[in-house]
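Here is the structure we will look at, set down as structure tokens.
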Amino acid sequence: MRTNDMTKMTYRDAIRLGITEEMRLDRDVIFLGEDIGVYGGAFGVSKGLLEEFGEERILDTPISEAAIVGTAVGAATTGLRPVCEIMFMDFITLGLDALVNQGAKMRYMFGGQSQVPMVLRLPAGSGTGAAAQHSQSLEAWLCHVPGLKVVTPSTPAQAKGLIKAAIRDNNPVCFIEHKMLYDAVGLVPLDEEYTLEIGKTIVERPGKDVTIVAYGTTLAKAVEAADFLEEEGIRVEILNPLTLYPMDMKPIIESVIKTGCLIVAHEAAKTGGVGGEIVARVVESEAFDYLTAPIVRLGGLDVPIPFNQELESAAVPQRNDFVHSVYRLLNRE
Amino acid sequence: MIELSEELLLRMYYKMNQARYFEEKLDELDVKGLVHGTVHLALGQEAAGVMACLALEEGDLVSLSHRGHAQAIGFGLDVNLMMAECLGKDTGYCKGKGGSMHIADVENGNLGANGVVGGGFGLSCGAALTQKYQHTGKVVLCFAGDGATNTGSFHESLNLASIWKLPVVFFIENNQYGMSNPVENHMNVENISDRSEAYNMPGLTIDGNDFLDVYNTVTKALRYARAGKGPVLIEAKTYRFSGHSKSDKQLYRDEQEVKEWQKKDPLLKMKEYLRENRIFTEKQIQKMETEAMISIEQAVEFAKKSPSPQLDTILADVYA
Ligand SMILES: Cc1ncc(C[n+]2csc(CCOP(=O)(O)OP(=O)(O)O)c2C)c(N)n1
Ligand SMILES: [Mg+2]
């Protein structure tokens, strides 16, 4: 149904709405994962889908990540469009062979013969007290594998738009969800044809003094910092790379040319993180000549996520890290 | 039949009660919002976790599942340090870095509770390889749930343990569900122990709520593995009374089923046994229960009073 209506809903509900619409529109879309049936998924994303679509399309799997991802690849190459829920992103490790060595390479390796239209939903990030094996942000790994696409929504509207685009895409798309955003509320378009183009970076908040590139929960913290700084007359421009791979650099480069200052941020461990790649591309570009200060990279500490709550929050960038970084860039400290 | 001394029976009953109280207390703290993160309770599975560990010899090793409190208590861990870990304190087993799901005491042979379902199978093979290589005569007891036996790691590890005759006992607590998924929906074998046939190793299914059945079977399996005959797979049929974790609304099972299993409560069953065999007086039984309860109350006190880790410890222990 085409409509201009919007309604308020959570990030969780928006993902579900996106999946529901696509499943209604296309019978080839199936959904598989652990506890996605009666339980409704570990984070409640698939609640109610079993009732609507039945066991044929909502496939509750055993605890077998390698088989889930492998099955998705096989189903995708033969005509279905599987969506998989990996309960925690951490467990993608168990499905990586099927994803990285099979799904991502098939088309190229076979000279363009096959296509692998599948989506992996990957709840990521810390903040829940689930400790080192349930809190990781492993997106950089996936962004190192040509053939995969990696997207990550930061608002409910983006969640709906991107999950729909991911399902319609003819490639394996890793859809990274941020656990701490599931309850975030925002206006979401109800239009069934509303999708967000994969491969686009957007300006989340226009500004002129400093460019911040951030996504996920870290983006929300950047926005808080920007609100605070605005009261002091500092206008931060925030860019959101909705697609982490392959990344649309143009808006970032344009922004840095305007502001001369760049902060890249994510909660994934800093070393080897996506932020480093963004910085490298900025430095390679014409924006290099416009930089007025060293670039700031905010990232998670190079440690596994600790359990204790204070340690856990100290392990990843927080609002104040943005504020101080901006002060430093503008020589205000 | 294995002889059970009065002293051993006493220890068994005490530890079973400690495990029960530990989790009831932890649940209470969790409901009050005092526990950060997730807690997986093994209420109803105490005979399995505790008794399997009590069958071990000094120096044997264990790999615990994510539902590992009773297992840890059976293995002899200090409930003070366990509770402190669950509350993220510096005095906890992992200095507050692991929490309930990762309680470890490596020096004493507890290789750690595992948050990755199936994560312990390979580790246990490796630990068993060390025992074999170094001729220590020690055995590894590997805990996991029914759901974990559907992982690739389970099958790869059983095969490896079998061909190399590793001294490891795989102990599966079949509590009828992997989260919300009932066993009959997630595997097509009647008994998990049937899976041992594919790897040509002994497989046994036992009543996981019967403390004697667990103790005797694990004792025999450990003997077999210790003698160099290779691995054993044990399936202990049991039931978890509580939800998978706090957020579990338990829509996948009905109350009647829970009630039926509660009649088979392993603690009650053991108490009945003690009474029927007139091994201890009522007073002695009650004394053990009270002492177990007090030990847990003290553990909570200890944990609450303990300091949080200093912020600068965040960078410690990434590398050796
Ligand atoms: C590889 C992996 N996949 C999924 C999970 C999420 N998860 C945690 S416990 C659990 C159920 C485990 O079932 P079972 O092995 O029967 O153990 P139980 O919880 O019943 O003790 C699941 C799916 C996980 N921790 N690790
Ligand atoms: Mg189970």
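Might you let me know whether the stretch B:114-128 holds any residue that is within 16 Å of ligand 2 (Cβ to nearest atom), assigned to a helix (DSSP H, G or I), open to solvent by 20 Å² or more (accessible area, probe 1.4 Å) and within 14 Å of another protein chain (Cβ to nearest Cβ)? Give the derivation first.
So the first thing to find is which residues in the stretch B:114-128 are within 16 Å of ligand 2 (Cβ to nearest atom), and the list is B:114-121.
Cutting the leftovers down to assigned to a helix (DSSP H, G or I) gives us B:119-121.
Those still in the list that are open to solvent by 20 Å² or more (accessible area, probe 1.4 Å) too: B:119.
Now drop any that are not within 14 Å of another protein chain (Cβ to nearest Cβ), which leaves B:119.
Scanning the stretch B:114-128 turns up at least one residue that is within 16 Å of ligand 2 (Cβ to nearest atom), assigned to a helix (DSSP H, G or I), open to solvent by 20 Å² or more (accessible area, probe 1.4 Å) and within 14 Å of another protein chain (Cβ to nearest Cβ).
Can you give me the number of residues within the stretch A:107-135 that are away from every other protein chain (no Cβ under 14 Å), touching a residue at least 40 places away in the same chain (Cβ under 8 Å) and among the hydrophobic types (A, V, I, L, M, F, W, C)? Even if it seems obvious, please write down each step before you answer.
Start the filter on the stretch A:107-135 by keeping residues that are away from every other protein chain (no Cβ under 14 Å), which leaves A:107-122, A:124.
From what is left, the residues that are touching a residue at least 40 places away in the same chain (Cβ under 8 Å) are A:107, A:115-122, A:124.
Filter once more, so that each one left must be among the hydrophobic types (A, V, I, L, M, F, W, C): A:116, A:118-120, A:122, A:124.
Adding up the residues that qualify gives 6.
Under 6 Å between Cβ atoms, at least 6 apart or on separate chains: pull out the pairs that start in the stretch B:304-320 with a residue that is facing chain A (nearest Cβ under 10 Å) and end on any residue that is open to solvent by less than 50 Å² (accessible area, probe 1.4 Å) and assigned to a helix (DSSP H, G or I).
Here the result reads B:Leu311/A:Ala314; B:Ile314/A:Leu311; B:Ile314/A:Ala314, each pair linking the stretch B:304-320 to a residue that is open to solvent by less than 50 Å² (accessible area, probe 1.4 Å) and assigned to a helix (DSSP H, G or I).
Would you mention how many residues in the stretch B:131-150 are within 14 Å of chain A (Cβ to nearest Cβ) and either surrounded by fewer than 16 Cβ atoms within 10 Å (Cβ to Cβ) or in a strand (DSSP E or B) (or both)?
To start, the set of residues in the stretch B:131-150 that are within 14 Å of chain A (Cβ to nearest Cβ) comprises B:144-150.
Still in the running and either surrounded by fewer than 16 Cβ atoms within 10 Å (Cβ to Cβ) or in a strand (DSSP E or B) (or both): B:144-145.
Total meeting the criteria: 2.
Given the options A:Pro146, A:Pro123, A:Pro117, A:Pro153, name the one that is farther than 29 Å from A:Glu312 by Cα, open to solvent by less than 30 Å² (accessible area, probe 1.4 Å) and not assigned by TED's automatic domain parsing to the domain that holds A:Gly260. Give the derivation first.
On the way: A:Pro146 fails: open to solvent by less than 30 Å² (accessible area, probe 1.4 Å); A:Pro123 fails: farther than 29 Å from A:Glu312 by Cα; A:Pro153 fails: farther than 29 Å from A:Glu312 by Cα.
Result: A:Pro117 is the single residue among A:Pro146, A:Pro123, A:Pro117, A:Pro153 that is farther than 29 Å from A:Glu312 by Cα, open to solvent by less than 30 Å² (accessible area, probe 1.4 Å) and not assigned by TED's automatic domain parsing to the domain that holds A:Gly260.
Find the residue count for the stretch A:180-190, including only residues that are under 14 Å from the mean Cα position of the chain (by Cα) and closer than 14 Å to A:Ala14 by Cα. Spell out how you get there, then give the answer.
If we filter the stretch A:180-190 for residues that are under 14 Å from the mean Cα position of the chain (by Cα), which is where we start, we get A:180-182.
Checking the rest, the ones that are also closer than 14 Å to A:Ala14 by Cα come to A:181-182.
Within the stretch A:180-190, residues that are under 14 Å from the mean Cα position of the chain (by Cα) and closer than 14 Å to A:Ala14 by Cα number 2.
Would you confirm whether or not the stretch B:222-236 contains a residue that is among the charged types (D, E, K, R), within 14 Å of another protein chain (Cβ to nearest Cβ), open to solvent by less than 50 Å² (accessible area, probe 1.4 Å) and within 16 Å of ligand 2 (Cβ to nearest atom)?
To start, the set of residues in the stretch B:222-236 that are among the charged types (D, E, K, R) comprises B:223, B:226, B:229, B:235.
In the following step, the residues that additionally are within 14 Å of another protein chain (Cβ to nearest Cβ) were identified as none.
No - not one qualifying residue is present in the stretch B:222-236.
Would you check which residues across the stretch B:185-201 are more than 12 Å from chain A (Cβ to nearest Cβ) and part of a helix (DSSP H, G or I) and list them?
Across the stretch B:185-201, the qualifying residues are B:Ile192, B:Ser193, B:Asp194, B:Arg195, B:Ser196, B:Glu197, B:Ala198, B:Tyr199.
Of all residues in the stretch A:234-274, which are of a type in the set (Gly, Ala, Ser) and either under 17 Å from A:Val151 (Cβ atoms) or touching a helix residue (DSSP H, G or I) at 6+ places or on another chain (Cβ under 7 Å) (or both)? Lay out the reasoning, then the answer.
So in the stretch A:234-274, the residues of a type in the set (Gly, Ala, Ser) come out as A:255, A:260, A:265, A:268-269, A:272-273.
The answer is A:Gly260, A:Ala265, A:Ala268, A:Gly272, A:Gly273.
Under 27 Å from B:Met270 (Cα atoms), open to solvent by less than 10 Å² (accessible area, probe 1.4 Å) and assigned to a helix (DSSP H, G or I): which single residue out of B:Leu10, B:Leu26 fits that description? Working first, answer last.
Details: B:Leu10 fails: open to solvent by less than 10 Å² (accessible area, probe 1.4 Å).
From the options B:Leu10, B:Leu26, the qualifying one is B:Leu26.
Within the stretch B:60-96, take every residue that is open to solvent by 10 Å² or more (accessible area, probe 1.4 Å) and within 16 Å of ligand 2 (Cβ to nearest atom) and give me the one that is nearest to B:Ala47 (Cα to Cα).
Per the stated criteria, the residue is B:Arg67.
Would it be correct to say that A:Gly216 is modelled with pLDDT of 95 or more, on the phi > 0 side of the Ramachandran plot and buried (at least 19 other Cβ atoms within 10 Å of the Cβ)?
Numbers: modelled with pLDDT of 95 or more: yes; on the phi > 0 side of the Ramachandran plot: yes; buried (at least 19 other Cβ atoms within 10 Å of the Cβ): yes.
Spelling it out, A:Gly216 is indeed modelled with pLDDT of 95 or more, on the phi > 0 side of the Ramachandran plot and buried (at least 19 other Cβ atoms within 10 Å of the Cβ).
Is it true that B:Leu160 is more than 16 Å from ligand 2 (Cβ to nearest atom), open to solvent by 10 Å² or more (accessible area, probe 1.4 Å), touching a strand residue (DSSP E or B) at 6+ places or on another chain (Cβ under 7 Å) and more than 21 Å from B:Glu23 (Cα to Cα)? Steps first, answer last, please.
Details: more than 16 Å from ligand 2 (Cβ to nearest atom): yes; open to solvent by 10 Å² or more (accessible area, probe 1.4 Å): yes; touching a strand residue (DSSP E or B) at 6+ places or on another chain (Cβ under 7 Å): no; more than 21 Å from B:Glu23 (Cα to Cα): yes.
For B:Leu160, the condition - more than 16 Å from ligand 2 (Cβ to nearest atom), open to solvent by 10 Å² or more (accessible area, probe 1.4 Å), touching a strand residue (DSSP E or B) at 6+ places or on another chain (Cβ under 7 Å) and more than 21 Å from B:Glu23 (Cα to Cα) - is not met.
Looking at A:Lys164, A:Lys160 in this structure, which one is part of a helix (DSSP H, G or I), in contact with a Pro (Cβ under 8 Å, 6 or more places away or on another chain) and buried (at least 21 other Cβ atoms within 10 Å of the Cβ)?
Exactly one residue qualifies, and that residue is A:Lys160.
What is the number of the single condition among (1) open to solvent by 10 Å² or more (accessible area, probe 1.4 Å); (2) of a type outside the set (Val, Ile, Thr); (3) in contact with a helix residue (DSSP H, G or I) (Cβ under 8 Å, 6 or more places away or on another chain) that A:Asp302 does not meet?
For A:Asp302, the exception is condition (3).
Condition check: crowded, with 21+ Cβ neighbours inside 10 Å, of a type in the set (Ser, Thr, Tyr) and touching a Cys at 6+ places or on another chain (Cβ under 7 Å). Does B:Ser153 satisfy that? I'd like the intermediate steps shown before the answer.
Numbers: crowded, with 21+ Cβ neighbours inside 10 Å: yes; of a type in the set (Ser, Thr, Tyr): yes; touching a Cys at 6+ places or on another chain (Cβ under 7 Å): no.
So B:Ser153 fails the test.
Answer with yes or no whether B:Val218 is part of a helix (DSSP H, G or I) and either within 12 Å of ligand 2 (Cβ to nearest atom) or surrounded by fewer than 18 Cβ atoms within 10 Å (Cβ to Cβ) (or both). Steps first, please.
Details: part of a helix (DSSP H, G or I): yes; either within 12 Å of ligand 2 (Cβ to nearest atom) or surrounded by fewer than 18 Cβ atoms within 10 Å (Cβ to Cβ) (or both): no.
When the stated conditions are applied, B:Val218 does not pass them.
Among the residues that make up the stretch A:42-50, is at least one of them within 16 Å of ligand 1 (Cβ to nearest atom), over 19 Å from A:Asp183 (Cα atoms) and not aromatic (Phe, Trp, Tyr)?
First, the residues of the stretch A:42-50 that are within 16 Å of ligand 1 (Cβ to nearest atom): A:42-46.
In the following step, the residues that additionally are over 19 Å from A:Asp183 (Cα atoms) were identified as none.
Within the stretch A:42-50, not a single residue is within 16 Å of ligand 1 (Cβ to nearest atom), over 19 Å from A:Asp183 (Cα atoms) and not aromatic (Phe, Trp, Tyr).
Taking the condition under 26 Å from B:Pro231 (Cβ atoms), away from ligand 1 (no atom under 16 Å from the Cβ), within 14 Å of another protein chain (Cβ to nearest Cβ) and not β-branched (Val, Ile, Thr), does B:Ala84 pass?
Details: under 26 Å from B:Pro231 (Cβ atoms): no; away from ligand 1 (no atom under 16 Å from the Cβ): yes; within 14 Å of another protein chain (Cβ to nearest Cβ): yes; not β-branched (Val, Ile, Thr): yes.
For B:Ala84, the condition - under 26 Å from B:Pro231 (Cβ atoms), away from ligand 1 (no atom under 16 Å from the Cβ), within 14 Å of another protein chain (Cβ to nearest Cβ) and not β-branched (Val, Ile, Thr) - is not met.
Quick check on this structure: which one of B:Asp194, B:Asp210 is farther than 27 Å from B:Ala127 by Cα, more than 13 Å from ligand 2 (Cβ to nearest atom) and open to solvent by 10 Å² or more (accessible area, probe 1.4 Å)? Break it down into steps so the answer makes sense when it comes.
On the way: B:Asp194 fails: farther than 27 Å from B:Ala127 by Cα.
Just a single option satisfies the conditions, and that option is B:Asp210.
Considering only residues of the stretch B:163-184 that are part of a helix (DSSP H, G or I) and within 16 Å of ligand 2 (Cβ to nearest atom), which is farthest from the other protein chains (Cβ to nearest Cβ)? Give the steps one after another, and end with the answer.
Here is the first cut: in the stretch B:163-184, the residues part of a helix (DSSP H, G or I) are B:163, B:183-184.
Going one step further and asking which of them are within 16 Å of ligand 2 (Cβ to nearest atom), we end up with B:183-184.
On the way: B:Val183: 10, B:Glu184: 12 Å.
Going through the qualifying residues, I end up with B:Glu184.
Among the residues of the stretch B:29-59, which ones are open to solvent by 20 Å² or more (accessible area, probe 1.4 Å) and in contact with a Gly (Cβ under 6 Å, 6 or more places away or on another chain)?
Of the stretch B:29-59, the ones open to solvent by 20 Å² or more (accessible area, probe 1.4 Å) are B:31-34, B:36-38, B:43, B:56-59.
Listed by number, the residues that qualify are B:His36, B:Gly37.
In the stretch B:41-59, what residues are away from ligand 2 (no atom under 16 Å from the Cβ) and part of a helix (DSSP H, G or I)? First the steps, then the outcome.
Initial filter on the stretch B:41-59 (away from ligand 2 (no atom under 16 Å from the Cβ)): B:50-51, B:53-59.
Hits for the stretch B:41-59 are B:Val50, B:Met51, B:Cys53, B:Leu54.
The values are calculated or read from the model by the stated rules, or taken from the named source; none is laboratory data. Keep in mind it's a predicted model, so treat the numbers as computed, not measured. Here the Cβ is made from the backbone with ideal geometry for all residues, glycine too, and neighbour counts use every protein chain on show. The accessibility values were calculated without ligands, DNA or RNA, using every heavy atom of the protein model including side chains. Shrake-Rupley method; radii C 1.70, N 1.55, O 1.52, S 1.80 Å.
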